[in-house]
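The values are calculated or read from the model by the stated rules, or taken from the named source; none is laboratory data. Treat the numbers as computed from the prediction; the structure is a model and nothing was measured. Note: ideal-geometry Cβ built from the backbone for every residue, glycine included; neighbour counts use all protein chains shown. The protein model used for the area step is the full one, side chains on, heavy atoms only, and it has no ligands, DNA or RNA in it. Shrake-Rupley method; radii C 1.70, N 1.55, O 1.52, S 1.80 Å.
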Amino acid sequence: MVRVFPAGQPLKSNAWTWLAHSQAYHTRMDMTGAKFHTSNRGTAAVPLVCVRAQGSHAFGIFYGQNPIFVSYDMVLADLILMIFLIQTVRFLLKPFRQPRLVAELIAGIIIGPCLLGKSKRFNEIMFPLYSRFVLRTLGIFALMLWVFVSGVKMDLTLIKRSGKKHLYIAMVSVMLPFLTVMAIGLIIRKLMDNEMAKISSIGGIASGLSVTTFPIHYTVLEELNLLSSEVGNMALSVALISDSIGMNFITVFEALKQVDISAGTLVWYLISMVVLVAFLLSAIRPALFWIIDHTPEGQAVHESYVVAILLGVFVVGFLTDMFGLAVAFGPFCLGLLIPNGPPLGATLVEKSETILKEIMMPFAFAFIGLHTDFSAMTEAGWTTLGPLFTMVISGYVSKFLATMIGAFMVAVPSRDSLTLSLVLSLRGQVELALYIHWVDKNMIRLPGFSMMIFLTTILLATLTPLISVIYDPSKPYKVLKRRTIQHTPPGEEVRILVCIRDKKSVPSLVNLLEITYPTLQNPLSVYAFHLVELIGRANPVFIDHDNDPDPDDLSIRFPDSEAIRNALILYQENRDESVKLHFFTALAAKRTMFQDVCKLALNSKATIIILPLERQYDGEMGTAEQWGGGQTLNTEVLSHAPCSVGLLIDKAHRWHLPLTRCSGGTTSHDFIVLFLGGPDSRECLAYADHMVANPNVSLTLVRFLSSNPEGDDERQKKLDDGLVTWFWVKNEANERVIYREVVVKDGADTAAAIKAMAEEKFYHLWIVGRKQGINESLLEGLSTWTDNQEELGIIGDYVSSSDFVDADSVLVVQKQILRV
């Protein structure tokens, strides 16, 4: 038997108590006050508990041993149960647009005394006393690592780049709730118990309720695909500034809490904090930059450095807890010191985030759920919980109203102001760690802790769906004005937004610009957009290089960006004044890259967006190498673009069209347009008309007509006839232009005709419409031949993937879709 003796005053009977078995698992234990820790730092006394000594490993059930008597087996069983519950609840709540954190909190509540934990037998089997100690340790350990990774992702330079508008909103959204909660707390102070009535406790709770924590906002915005939206960018900037202000408040009241013990404790507390921060700044940060300097360009940080940094997290966590600071304070500061993004920050996040989020954090939510008891709230009554409830509700309401007022004062639109207020009112993992800290410091008791978990869950479950309903990030991209090549008047510059993934796609894109044939009479305005996946940092970044030439040493951290920009500048210089170049870089999550693309297209009044792809062959058919996690970027841009879109597929694996400006007028390159009718085909022909002006290009226009005209849209057919007639009349005397008509009865005839054209002559570039307005009879039966028709359309996918069609590149065009 193992005995644990009481470390303080004799315990009095209490309504809210935990159950234990006297023989091996749980015996009735009364723990007044805080009950998470068993040390002598402001924690409650622990009663006499007798438990059976448990082995750490079993011989096995074949030796007659029961695995529930082994702590190792029990912890694994608890972890399996928690992961299963979290994934099940997430699946059930997905239709209701609930964030992951709500599912995790509910899963923890399910195993706690509110539901399954009411059963004595369930507690004896799944959560005996000895396993709870392990769960608590692993839970705090997981929260410490999670706070560290969140610090790594945060980019403090965002504060420097934030405008006065963000600063004003942040100041109002922190100061007003803090003063409101503080005032209410002082007014109802007489109704509180002795610990909560202390100025340090009231101030600590007020500062915690006024702080807007960055990590939960990033997490929810990421789940809602709002990271790159206008509101998302503003919320992250405001949250980061608010954190900086609010953390100072929390630090001040943490120091005042030390005065409750003795003045000497306050002195040592301040000395410990200053020494720790000075050590991190003077020794650790230079070491981190040394690691980056000694990491070869384009490579990940060596594993030994990653291990050393993670070991440093444990060391700093040990020191902060030993000094009496909040256990997450040191790891969070260390995370902030690590330069985010590649190579160091990205490597740390990639190597630790998945196992931390999916395996370690369930321990934290199990620990929280086991200490969340709603029946204890009822037994405690309004007299006990009323003051805390009043402060919390006033904090939530004042936070929402203060943010709304601050946003209105700086002329933020009403819908955006409402959404911003909802986002900044969210509570998350940092708040959960803060609630645990409040219990450890005796600021609140376990009934109050249960109430805080309940209110946090309700708040998240209510506000998150509201945000997704109120704010539509694609609404700004809905324009009523035509932005297409076809509707661009002659002599007016064509604005092309070129999306660049890496250096390999640059030659092909430059040659596409070249064949567009910019001249002084028909100039070209190029908006080059380098898209970088957001790894190792939380906040997306959008950079206009015309106004911010080298922000945050971007050329050092992302050398490809500088190389791409230099190549495009060289192209522009060779085109004199016929080409204007604007270069942008965006660091964004894969799921939200399309928002940056559509937003830049809207602001630049682009005529067409060009997205490069590359074909990977597997026998006759192939699949496209995708942008942004599957087809996310391509399909989302096609769905939301405020202008036309072109998908440039590189088939030749030479990464460029073999185009140069030849001297003289000799034709050296052959292009073909497959005109199947509809808006997309008309946009193809309008783009091809610009290319025909190039004396080094010959063009073949092939119009497909159905032998059964019943499926034709008469309006679309008249528009097709008008544009084709205009093009032919314009180029009738041009020997480099050939016009053909092909009559087919079904998709097999269409495919056979395309195959015959490919065998007859080699065409460097095939231009096809995506799918709008095509007579279905022309494609009948072809849908079973293609694998990627949703993205490229049936003909586009067939031409770009078929081995019969030998070409350097294929351009699939979608005309702008007007949305209301």
Checklist entry - Taking the condition assigned to a helix (DSSP H, G or I), touching a residue at least 12 places away in the same chain (Cβ under 8 Å) and of a type in the set (S, T, N, Q), does Thr137 pass? => result no
Checklist entry - If we scan region 374-384, do we find a residue that is of a type in the set (Gly, Ala, Ser), open to solvent by 20 Å² or more (accessible area, probe 1.4 Å), on the phi > 0 side of the Ramachandran plot and in a helix (DSSP H, G or I)? => result yes
Checklist entry - What is the residue count in region 763-792 for residues that are part of a loop (DSSP other than H, G, I, E, B) and at pLDDT 85 or above? => result 3
Checklist entry - Which ones in region 216-234 are open to solvent by 10 Å² or more (accessible area, probe 1.4 Å), under 11 Å from the mean Cα position of the chain (by Cα) and not charged (D, E, K, R)? => result Tyr218, Thr219, Leu224, Asn225
Item to check | Condition met for Lys160 (part of a helix (DSSP H, G or I), open to solvent by 70 Å² or more (accessible area, probe 1.4 Å) and free of Cβ contacts under 8 Å to residues at least 60 places away in the same chain) | outcome: yes
Item to check | Residues (of a type in the set (A, V, I, L, M) and at pLDDT 90 or above) located in region 66-94 | outcome: Leu79, Ile80, Leu81, Met82, Ile83, Leu85, Ile86, Val89, Leu92, Leu93
Item to check | region 478-511, residues that are part of a loop (DSSP other than H, G, I, E, B) and within 28 Å of the chain's Cα centre (by Cα) | outcome: Lys478, Val479, Arg501, Asp502
Item to check | Those residues of region 335-373 which are over 26 Å from Leu587 (Cβ atoms), of a type in the set (A, V, I, L, M) and open to solvent by 20 Å² or more (accessible area, probe 1.4 Å), in sequence order | outcome: Ile359, Met360
Item to check | Count - residues of region 302-331 that are closer than 20 Å to Leu432 by Cβ and at pLDDT 85 or above | outcome: 3
Checklist outcome for this item: From the option list Glu514, Glu431, Glu533, single residue qualifying as of a type in the set (D, E, K, R), within 25 Å of the chain's Cα centre (by Cα) and not assigned by the TED database to the domain that holds Phe374 is Glu533
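Look through Arg121, Arg97 and report the one residue that is modelled with pLDDT under 90, more than 28 Å from Met247 (Cα to Cα) and within 23 Å of the chain's Cα centre (by Cα). Give the steps one after another, and end with the answer.
Numbers: Arg121 fails: within 23 Å of the chain's Cα centre (by Cα).
From the options Arg121, Arg97, the qualifying one is Arg97.
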Checklist entry - Can you tell me which residue in region 577-595 is modelled with the lowest pLDDT, limited to those that are buried (at least 24 other Cβ atoms within 10 Å of the Cβ) and part of a helix (DSSP H, G or I)? => result Thr592
Checklist entry - On the given criteria, is Arg770 surrounded by fewer than 19 Cβ atoms within 10 Å (Cβ to Cβ), among the charged types (D, E, K, R) and touching a residue at least 60 places away in the same chain (Cβ under 8 Å)? => result no
Next on the checklist: Cβ-Cβ under 8 Å, sequence separation 6+ or interchain: first residue in region 165-179 and more than 22 Å from Ile202 (Cα to Cα), partner surrounded by fewer than 16 Cβ atoms within 10 Å (Cβ to Cβ) and not β-branched (Val, Ile, Thr). Which pairs?
Outcome noted: Tyr168/Met409
Next on the checklist: Against the condition closer than 20 Å to Ile368 by Cβ, surrounded by 17 or more Cβ atoms within 10 Å (Cβ to Cβ) and small (Gly, Ala, Ser), how does Gly406 come out, does it pass?
Outcome noted: no
Checklist entry - When region 290-301 is examined, which residues are found to be open to solvent by 80 Å² or more (accessible area, probe 1.4 Å) and either in contact with a helix residue (DSSP H, G or I) (Cβ under 8 Å, 6 or more places away or on another chain) or in a helix (DSSP H, G or I) (or both)? => result Trp290, Asp293, Glu297, Gly298
Item to check | Count of residues meeting criterion [without any contact (Cβ under 8 Å) to a residue 24 or more places away in the chain and of a type in the set (Phe, Trp, Tyr)] in region 697-727 | outcome: 1
Checklist outcome for this item: All conditions in (1) among the aliphatic types (A, V, I, L, M); (2) open to solvent by less than 40 Å² (accessible area, probe 1.4 Å); (3) over 20 Å from the mean Cα position of the chain (by Cα) are true of Ile467 except (3)
Next on the checklist: Checking the structure you have, find out if any residue of region 524-532 is more than 20 Å from Glu636 (Cβ to Cβ), in contact with a Phe, Trp or Tyr (Cβ under 9 Å, 6 or more places away or on another chain) and not small (Gly, Ala, Ser).
Outcome noted: yes
Checklist entry - Within region 351-368, is even one residue acidic (Asp, Glu) and assigned by the TED database to the domain that holds Gly117? => result yes
Checklist entry - Is it true that some residue in region 411-423 is in contact (Cβ under 8 Å) with a residue 24 or more places away in the chain, over 30 Å from Leu818 (Cα atoms) and part of a helix (DSSP H, G or I)? => result yes
Item to check | region 130-157, residues that are of a type in the set (A, V, I, L, M, F, W, C) and open to solvent by less than 20 Å² (accessible area, probe 1.4 Å) | outcome: Leu135, Ala142, Leu143, Met144, Val147, Phe148, Val149, Val152, Met154
Item to check | Evaluation of Ile202 against (1) among the β-branched types (Val, Ile, Thr); (2) open to solvent by less than 10 Å² (accessible area, probe 1.4 Å); (3) under 31 Å from the mean Cα position of the chain (by Cα); (4) more than 24 Å from Leu336 (Cα to Cα) (one fails), failing number | outcome: (3)
Checklist outcome for this item: In region 402-414, residues that are modelled with pLDDT of 90 or more, under 16 Å from Asn233 (Cα atoms) and not hydrophobic (A, V, I, L, M, F, W, C) total 1
Checklist entry - Quick check: is even one residue across region 444-453 open to solvent by 20 Å² or more (accessible area, probe 1.4 Å) and in the same structural domain as Val231 (by the TED database)? => result yes
